[in-house]
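Below is one structure; the comments refer to it alone.
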Amino acid sequence: MATQHSRTAARLMISPAVILLLLWMIVPLSMTLYFSFLRYNLLMPGMETWAGFDNYYYFLTDPAFFSALSNTIILVVGVLLITVIGGVALALLLDQPFWGQGVVRVLVIAPFFVMPTVSALVWKNMFMNPVNGMFAHIAKALGLQPFDFLSHAPLASIILIVAWQWLPFATLILLTALQSLDREQQEAAEMDGASVFARFIYLTVPHLTRAVTVVVLIQTIFLLGVFAEILVTTNGGPGTASTNITYLVYAQSLLNYDVGGGSAGGIVAVILANIVAIFLMRMIGKNLDA
Amino acid sequence: MGKITLRNVTKKFGDVAVIPALNLDIENGEFVVFVGPSGCGKSTLLRLIAGLEDTTDGSILIDGADATDTPPAKRGLAMVFQSYALYPHMSVRKNISFPLKMAGVDPAEATRKVDNAAKVLNLTSYLDRKPGQLSGGQRQRVAIGRAIVREPKAFLFDEPLSNLDAALRVNMRLEITELHQTLKTTMIYVTHDQVEAMTMADKIVVLNAGRIEQVGSPLTLYRNPANVFVAGFIGSPKMNLITGPEAEKRGATTIGIRPEHIDLSTTAGEWQGEVGVSEHLGSDTFLHVHVPGMPTLTVRAGGEYGVHHGDRIFLTPQADKMHRFGADGKAM
């Protein structure tokens, strides 16, 4: 009933929710924006002075910023590559009929339910630890020198941990997409003389593009903000080898007590995330249309 | 060439024999229609011939060579699916040329073949569109085009018209029949619609529960149904099947008389009944007549026939057109 009256009533009734959400978003954002222009150090509370763009200048010219930027990009791209390729492979496997399919599917999804902090700690202490870790034991059993993952390949290790967490998500989405692939199309292709490989390239891959798009979009949003895994494993180190933008903002505001600098970093992160979002939406909007 | 022979072909899913041992010869150039109610195994039989299902027992010969274990692509058969099974992300041209690409045909040659097929099927102006932008009939033609370019030994159609509306179905029926007359290739066509079977086939195979009930030309099946099942299945409206004293009087368990073989009169006749529903089609009038001691009889009156609900009417079956069936359901 789209009468003028009912429309007004509807607007009135959704307004509390809308206003609450707006406040929820606008207040922290504007406070961050305000802090980013202050010289605001937690060691000297009550001594805030206007700093202009100084915070931005120092944050953006900090050498740690560039390594954090490249680390963020490597982390996101690395995890996306592993989860998409691994997800397609796993989905193809899980789509085959085999005994115990139901149980295996549940097990595959399980890592997604493990909290990031917990899984990172498990990886750090039980797998990657150079003395007691399983990888170290395996290396020793083979007569090799144990490899200290977190100090010699910190970023790669974090990529591995994060990818392990997100692989189930990608697998799940891709598996459902795979199951919606028309059987008759596959049979038609089989009769047309397409080999298993050709059917994968010409039928499965185009069919999966939409699901891959969704996976990339959702994962990018979350992967830009990876934090817990870094905090409990490497603390961004050694040096800045595994510091991403999120972690740099944390370090700036809470380890260096520089709230102003941290806020400026936060605003930079928001802007960067929006740039990424615009490109993604452009790219993906096309894919989702068809 | 396209002679297909089935020798004791059997298909079981687990313990259920969907098709008990079955023998059938399909001659080169024939238009064969498999017809039967849903679940009778006609699609399974087609898929066995296509190679999409493995036979449990027996052998399939194509042009005399055993093809039982040959993969589908190597059998030289082309199939048109019920859902058309077009590749949604490819243009019409790419869809049609896909089998050629898979066979490694030279691109120039492929283009020529696709253009020829498109001309035959009136698809020339749609070649750059995607299947999603085509109507049902056009998609159907693309699916047929994809089959034609392969120049197969035989075409297999799996209920290709069931997703089309009635008017289009009649059109496509004609087009497929015409295509068969042009190409003179063996065609095997599966349908549950006996009208399609009657109008298109050189030879109809009536299937029921995986068994062949009768094989023959459409008119043979119409004139001499081998059993009650075929009698009831072929012909529209359905043949009236009568059991009880009226059948015993004629020395049979069941008698069958087609709606068009009953004479009507308002004054005198063998059976007396009351008109129930009358369906006026203009060219014909179908009357559903309630006769005491018999099931509701369908009677066809030519042209417009002015009777109404509740009118009394007399029916006389034409004795020479009556079919008699024994206790085993077979024709006597």
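No value in this document is a laboratory result; all are computed from the given coordinates. Here the structure is a predicted model, which means the values were calculated and not measured. We place every Cβ from the backbone using ideal geometry, glycine too, and count neighbours over all the protein chains shown.
If you average 1/r over all unlike Cα pairs in the stretch A:61-116 and invert the result, what Kirkwood radius do you get in angstrom? List each step's numbers first, then the result.
On the way: mean 1/r = 0.0715 Å⁻¹.
14.0 Å is the Kirkwood radius here.
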> Please identify the chymotrypsin sites (Phe, Trp or Tyr not before Pro) of the stretch A:38-102 that satisfy two criteria: DSSP loop assignment and at most 13 other Cβ atoms within 10 Å. Which are they?
Replying inline: A:Phe53, A:Phe98, A:Trp99
> R0 = 30 Å: FRET efficiency of B:Glu270 with B:Val195, Cβ-based, nearest 0.05?
Replying inline: 0.50
> Restricting the count to DSSP beta bridges whose residues both fall in the protein assembly as shown, what percent are antiparallel, rounded to a multiple of 5?
Replying inline: 75 percent
> How much length is gained if the chain between B:Asp328 and B:Glu246 is pulled fully straight, taking 0.36 nm per residue apart and subtracting their Cα-Cα distance, in nm to one decimal?
Replying inline: 27.7 nm
>> Which of B:Ala65, B:Ala247, B:Ala108 ends up with the largest GNM mean-square fluctuation for chain B, with Cα atoms connected below 10 Å?
In response: B:Ala108
>> Test of understanding: ordering A:His5, B:His290, B:His192 by Cβ neighbours within 10 Å, fewest first, what list do you get?
In response: A:His5, B:His290, B:His192
> Tally Lys and Arg at +1 and Asp and Glu at -1 over the other residues with C-beta under 12 Å from the C-beta of B:Val35: what net charge comes out?
Replying inline: -2
>> Among the listed pairs B:Lys101/B:Lys184; B:Lys101/B:Lys203; B:Lys113/B:Lys184, which have their C-alpha atoms separated by more than 29 angstrom in this model?
In response: B:Lys101/B:Lys203
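Expressed in nm to one decimal, what extension gain is obtained for the pair A:Ile74 and A:Asn235 from 0.36 nm per residue of sequence separation less their Cα-Cα distance? Kindly include the intermediate steps, with their values, before the conclusion.
Values: separation 161, 0.36 × 161 = 57.96 nm, distance 1.74 nm.
Taking A:Ile74 through A:Asn235 to full extension adds about 56.2 nm, to one decimal.
Nothing charged except the Cβ atoms of Lys and Arg (+1) and of Asp and Glu (-1): what's the magnitude of the dipole of chain A about its Cα centre? Round to the nearest 20 debye. Present the calculation step by step, with values, prior to reporting the outcome.
On the way: 11 positive and 13 negative charges, 72 e Å.
Its charge dipole is roughly 340 debye.
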> Among A:Met126, A:Met13, A:Met47, which one moves the most in a GNM of chain A with springs linking Cα atoms closer than 10 Å?
Replying inline: A:Met13
>> Which log10 I(q)/I(0) values does the stretch B:240-325 give at q = 0.16, 0.18, 0.23 Å⁻¹ under the Debye formula, counting every alpha carbon as one identical point scatterer?
In response: -0.57, -0.72, -1.13
> Excluding same-chain residues fewer than 8 positions from A:Lys124, which lysines have a Cα within less than 23 Å of its Cα?
Replying inline: A:Lys140
>> Whole percent per 5 Å bin, from 0 to the bin with the longest distance: what is P(r) over all C-alpha pairs of chain A?
In response: 1, 5, 9, 11, 12, 13, 12, 11, 9, 7, 5, 3, 1, 1, 0, 0, 0
> What whole number of Å gives the distance from the Cα centroid of the stretch A:1-31 to the Cα centroid of the stretch A:230-263?
Replying inline: 37 Å
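Considering all alpha-carbon pairs of the stretch A:8-70, what whole percent are spaced by more than 14 angstrom? Intermediate results must be reported in sequence, preceding the final value.
Values: 1409 of 1953 pairs.
Roughly 72 percent, rounded to a whole number.
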> Roughly what would the spin-label model give for A:Ile109 and B:Asn116, points 7 Å off Cα along C-beta, in nm?
Replying inline: 5.3 nm
>> Taking just the alpha carbons, could you work out the radius of gyration and Dmax for the protein assembly as shown, both in angstroms?
In response: 36.7, 118
> With each pseudo-label sitting 7 Å past Cα toward Cβ, what's the B:Arg211-A:Phe98 distance in nm, one decimal?
Replying inline: 4.3 nm
> When we measure straight from the Cα of B:Lys249, which lysines land under 21 angstrom away, once same-chain ones fewer than 8 places off are left out?
Replying inline: B:Lys321, B:Lys330
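Could you work out the helix-only [θ] at 222 nm for chain A, with each DSSP H run of four or more residues adding -39,500 (n - 2.57) and the total divided by the number of residues, to the nearest 500 deg cm²/dmol? Working shown, then result.
Details: 14 runs with 201 residues, N = 290.
Dividing the helical sum by the residues of chain A leaves -22500 deg cm²/dmol.
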>> Per 0.36 nm of contour for each residue apart, how much would the distance between A:Lys140 and A:Leu81 grow if the chain were fully extended, relative to their Cα-Cα spacing?
In response: 18.2 nm
> What's the center-to-center distance, using Cα atoms, between the stretch A:96-156 and the stretch B:100-136 in Å?
Replying inline: 52 Å
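Normalise the Cα radius of gyration of the stretch B:4-231 by 2.2 N^0.38 Å (N = residues in it) and let me know the number. Spell out each step's value before the answer.
Working: Rg = 17.6 Å, N = 228, 2.2 N^0.38 = 17.3 Å.
Normalised by 2.2 N^0.38 Å, the Cα Rg of the stretch B:4-231 equals 1.02.
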>> Quick check of the Kirkwood formula: for the stretch B:40-80, what is the inverse mean of 1/r over all pairs of different Cα atoms, in Å?
In response: 10.4 Å
> the stretch B:165-181 to the stretch B:208-272: how many Å between their Cα centroids?
Replying inline: 29 Å
